[in-house]
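Below is one structure, written out as structure tokens, with a few remarks after it.
The values are calculated or read from the model by the stated rules, or taken from the named source; none is laboratory data. Source: prediction; values computed, not measured. Here the Cβ positions follow ideal geometry from the backbone for every residue, glycine too, while neighbour counts run over all protein chains shown.
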């Protein structure tokens with residue numbers, strides 16, 4: 001059974017169906033992309049899966065439980081993590097306090113909070129930034145800190161919203177490596193981004209949606225060689241040599 005399963009999701013605004021029976025699945029330890037042109041409905045689909053938006057129809061199952069109508073915080077309590085596109089670190093706090101502030105909201109003893117903080121700083125190579133304000137972090141360090149924060153509750157699934165947006169090539173590579181490590185540890189990953197090449201590079205599978213509907217799904221090579229995908233989504237100049 002898939003860890004996350006969305007079936008026939010529907011959502012409309014102003015009499016227009018923005019999402020029309022979109023379905024997808026994500027398994028443990030798998031990186032899955034949700035891609036499509038601007039206005040395709042991918043952001044709305046993504047937000048329905050994390051509990052930010054309530055679908056008009058369809059169903060979202062997480063770890064075998066129906067979470068379709070549960071609010072976002074209930075998704076989080078069940079093991080669904082979320083990394084927003086917008087910078088989410090507290091710039092005026094140290095990197096350590098960015099983690100401890102969230103850890104302190106959990107019903108665990110102080111020594112365990114400190115231990116978990118130390119583990120995450122080490123895991124994401126941020127020990128040297130422990131006492132530094134988050135505003136001093138480079139783009140890659142900030143993204144690693146944000147990923148570390150999303151792992152505090154030990155989620156089974158993380159949804160990444162535009163993780164490659166507004167970051168330099170070195171940071172993109174940095175984030176790609178960290179995401180792959182998470183998947184290798186057994187965490188399921190669902191990622192949506194406008195950076196097609198960078199996203200497909202780390203995906204095991206991807207779903208392409210267009211005009212609110214599923215267009216195609218498959219591994220990266222299948223996706224980039226599909227005529228419909230090239231017609232409706234990928235530019236004619238898109239290079240897919242690295243996927244051969």
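Figures for the structure shown
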| quantity | calculated |
| --- | --- |
| Residue within the range 218-237 that is part of a strand (DSSP E or B) and either closer than 28 Å to residue 78 by Cα or in contact with a strand residue (DSSP E or B) (Cβ under 7 Å, 6 or more places away or on another chain) (or both) present | yes |
| Any hit, the range 176-189, residues being crowded, with 20+ Cβ neighbours inside 10 Å, touching a helix residue (DSSP H, G or I) at 6+ places or on another chain (Cβ under 7 Å), assigned to a loop (DSSP other than H, G, I, E, B) and modelled with pLDDT of 95 or more | no |
| Output for the range 217-235, where each listed residue is crowded, with 17+ Cβ neighbours inside 10 Å and within 20 Å of the chain's Cα centre (by Cα) | 217, 220, 223 |
| Count - residues of the range 1-60 that are free of Cβ contacts under 8 Å to residues at least 24 places away in the same chain, within 20 Å of residue 199 (Cα to Cα) and either in contact with a strand residue (DSSP E or B) (Cβ under 6 Å, 6 or more places away or on another chain) or in a strand (DSSP E or B) (or both) | 1 |
| Those residues of the range 190-211 which are at pLDDT below 95 and part of a loop (DSSP other than H, G, I, E, B), in sequence order | 193, 194, 195, 211 |
| Residue in the range 175-187 that is within 12 Å of the chain's Cα centre (by Cα) and under 30 Å from residue 57 (Cβ atoms) present | yes |
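This table checks each residue for (1) over 23 Å from residue 191 (Cβ atoms); (2) modelled with pLDDT under 90; (3) not in a helix (DSSP H, G or I).
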position	(1), (2), (3)
70	no, no, yes
112	yes, no, no
119	yes, no, no
128	yes, no, no
144	no, yes, no
